[in-house]
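Just so it is clear, none of the values below were taken in a lab; they were calculated from the coordinates. Owing to the predicted nature of the structure, the values given are computational and were not obtained by experimental measurement. Glycine gets a Cβ as well: all are built from the backbone with ideal geometry, and neighbour counts include every protein chain shown.
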Amino acid sequence: MLRVFVPLLLFLVAVTSSLATAIKKRPPQTLSRGWGDDITWVQTYEEGLYKARKSNKPLMVILHLEDCKYCQALKKVFAENDEVQAMADKDFIMLNLMHETSDKNLAPDGKYVPRIIFVDPSMTVRADITGRYSNRLYTYEPQDIQILINSMNRAKRLLPAEL
């Protein structure tokens, strides 16, 4: 009995140790999901709307999917651009969603990814702040980073009192 038990015990210890090492090597999953670890992110659309209203800052909603190559490319440029990161952290309430929503306000022209929607503190979706594509108004591609910066500047300047 002891001859069977000892090897089995050693095997279980080895497997457990290997699993623990593999788990430790994985980076922690944060709300940023790779879009910027130094940015404060909200968890839900409702929380974002509440904080936008309370702070008088616009809400920026990024809708994306993990396995979308266009989303991954935009995420890389977004996370590496110091100007975007600074503005996002200082001037916006930030939310990124990795699932489609049933809220029609977040899909004014259809359900595609990536798309970035700006919502002002009065909880109005800014339909006038769009990217450069007429068939996907709220999408931005990596080469559109300057257009996104311009959109961000426009969203933070035009608060509800100024409309």
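See the values below:
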{"quantity": "5 angstrom amide H check on LEU97, placed H, neighbours 5+ away", "calculated": "ILE62, LEU63, HIS64"}
{"quantity": "Anisotropy class of the range 60-112 from Cα gyration tensor, a/c 1.5 cut", "calculated": "oblate"}
{"quantity": "Cβ-derived FRET efficiency at R0 25 Å, SER55 paired with GLU80, nearest 0.05", "calculated": "0.40"}
{"quantity": "Cα gyration tensor, the range 67-163 - rounded (a/c under 1.5), prolate or oblate", "calculated": "oblate"}
{"quantity": "Karplus-derived 3J(HN,Hα), 6.51/-1.76/1.60, for each residue of the range 86-98, Hz, glycine and proline x", "calculated": "5, 5, 4, 6, 8, 10, 9, 8, 10, 9, 10, 10, 9"}
{"quantity": "Proximal charge balance of ASP144 [Cβ under 15 Å; K/R count +1, D/E count -1]", "calculated": "+3"}
{"quantity": "Those aspartates and glutamates that a straight Cα-Cα span of less than 20 Å connects to LYS76, excepting residues fewer than 8 apart in one chain", "calculated": "ASP37, ASP38, GLU66, ASP67, ASP89, GLU141, ASP144"}
{"quantity": "Model label zone, HIS99; criterion: amide N under 12 Å from point 7 Å along Cα-to-beta-carbon; scope the range 28-66", "calculated": "44-45"}
